[in-house]
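Have a look at the structure below, then the notes.
Coordinate-derived values only; no laboratory data. As the structure is a prediction and not an experimental result, all values here were calculated from the model. Counting neighbours? That spans all protein chains shown, and the Cβs are built from the backbone with ideal geometry, glycine included.
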Amino acid sequence: MARLERIIERLELKEFQLKALLDVTKAINNTEDRDALLKLYERIIREDLGITRLMLFERTERWERIIAFGNNVDAVGMDIEKAFGTFSEIQVIGSESTGSFGAFDVAVPVYHRGRPLAFLLIGDIDEEEQRMSPTVKHLNFIQTLTNLIVVALENQRMAAQELAQARARRELELAAEMQGMLIPTDLPSNERIDAAGWYQPHSEVGGDYYDLIALPTGQYVACVADVSGKGIAAALLMSNFQANLRASIPHATDLVQLVHDLNAKVHASARGERFITLFIGVIDLAARKMRYVNSGHNDPLLHHAKGVTPLRDGSIALGMMPKLPFLKSGEVDLPPESTLLCYTDGLVEQEDASGTAFETAPINGILSAGARATAKAINEAVINAFEAHRGGLPYLDDIALLTCRFA
């Protein structure tokens, strides 16, 4: 009769274990959240199995206690990383153990794909009770259940990471598409003006911008801009700036007032946290003159028969202050066969292997040697010299280059 009772007891135990594992599996397949899975695990361990003391630690970037009951042990002083060296497999915690570990009876390390994932401490051996300890009786099942739960938690965490990474990749793709729409693909090239551009983002997206906008009056507006910082935030601010610039130019009657208005809009959008350097010039080919403002930007270079003139008149960068403290426009002649070359700091600040910056000397040399060259040929020469200087090192910043040749 006793043997039959033991058989029935074993069958009932197996039935319970299978049902518990089925409940956990269903919860995992139904994508129950982390808290629900942990509550289910604790209920099975504590209420169904009768375990009275437990601590479960999970390892992500560091070890964290995620379940604890049945004791007043402080986990702060428990070195779980070191414990893995001591308890590399299921092991009874000996009476010689001191400190917090001595409050438990069994250590259960959990591995996943060869790396530590969780660490379980359980204990309820009551020497005063004449019965088999639930810890001993259900140890293998507890190990299986713990493995199932912590691997599910790890899979949830990895899935959340992959989703976040996918979302970030999509945001980068959208920002890159938006950045591509900022860069003009068809610059003017006719008997009076020949233009060419080059854009090289530092990463997937950047914050540099160039443009050459034809006006109904026959004039052109050349502009090059650079927003502080990199990445999506910089691209968004530059996109907003480009939209404001293109919307404002057709209605602007005064260049100085236009720059003041753009400064106010940048400051309102960026709230003083970012700024934009800008060179903007109104090209009047009939009068052969250009009126310009340089707002904290690298000096564009105007090459002509007498040499190279840097274009410096202007103001501080846009968005640094609600109102620009000073603003001065400049005006230059555009003699036949002169060339305007505008660029951002990523071009001239790029360092070679020895830490030497590219600077403007090679550009001046190219402009002087190519006095009759097309805008495209000048850009190609600048790019070739730049790439030879870079020598395969990473780009330090976004790069924008706009060259205009005047016949």
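Some observations on this one:
- The charge dipole of the chain, taken about the Cα centre with unit charges on the Cβ atoms of Lys, Arg (+1) and Asp, Glu (-1), comes to about 740 debye, rounded to the nearest 20.
- Between the C-alpha center of region 4-20 and that of region 328-407 there is a gap of 82 Å.
- FRET efficiency estimate (nearest 0.05) - Cβ-Cβ, TYR111 to LYS26, R0 25 angstrom: 0.50
- From the coordinates shown, volume of the Cα convex hull per residue in Å³ corresponds to which of (i) 152; (ii) 122; (iii) 208: (iii)
- Of the DSSP H helices in the chain, those whose Cα atoms cover at least 20 Å axially and whose Kyte score averages 0.0 or more: 139-182, 231-248, 255-270
- Pairs over the 24 Å Cα-Cα cut-off, from the set LYS14/LYS82; LYS289/LYS323; LYS14/LYS39; LYS14/LYS137; LYS19/LYS39: LYS14/LYS82; LYS289/LYS323.
- Given +1 at the Cβ of Lys and Arg, -1 at the Cβ of Asp and Glu and no other charges, the dipole of region 2-159 around its Cα centre is 560 debye to the nearest 20.
- A simple rule links phi to the HN-Hα coupling: the Karplus curve 6.51 cos²θ - 1.76 cosθ + 1.60 with θ = phi - 60°, which for region 54-60 gives 7, 9, 10, 10, 10, 10, 10 Hz, with x for Gly and Pro.
- Proximal lysines relative to LYS230, as straight alpha-carbon distance under 22 Å, when same-chain residues fewer than 8 apart are discounted: LYS265
- Most positive-pole-ward Cα, VAL24, PHE84, PRO216, against dipole of the chain from beta carbon charges: PRO216
- Highest average packing first - 395-405, 243-253, Cβ atoms within 10 Å: 395-405, 243-253
- Relative contact order for the chain, counting Cα pairs under 8 Å that sit 6 or more residues apart, in percent: 12
- Simple rule: put +1 on each Lys or Arg Cβ and -1 on each Asp or Glu Cβ in the chain, find the dipole, and look at TYR292, ILE8, VAL382; the Cα lying farthest toward the positive end is TYR292.
- Working from label points 7 Å from Cα in the Cα-to-Cβ sense, the ASN384 to GLN257 distance is 4.8 nm.
- Cross-link reach list, aspartates and glutamates versus LYS328, counting only Cα pairs under 16 Å and skipping chain neighbours closer than eight places: ASP254, ASP261, ASP299, ASP313
- Think of region 2-159 as having a plus end and a minus end, set by charges on the Cβ of Lys, Arg, Asp and Glu; of VAL136, VAL110, LEU54, VAL110 sits farthest toward the positive end of this dipole.
- Bridge type composition, the chain - antiparallel percent by DSSP, nearest 5: 95
- Applied to region 78-91, the Karplus parametrisation 6.51 cos²θ - 1.76 cosθ + 1.60 on θ = phi - 60° returns per-residue 3J(HN,Hα) values of 8, 8, 5, 4, 5, 4, 5, x, 8, 10, 7, 8, 3, 8 Hz, with x for Gly and Pro.
- Residues whose amide H falls under 5 Å from that of SER338, counting only those 5 or more places apart or on a different chain, are PHE406, with hydrogens built in the peptide plane.
- Computing FRET efficiency as 1/(1 + (r/R0)^6) for ILE316 and ALA160, where r is the C-beta to C-beta distance and R0 is 25 Å, gives about 0.05.
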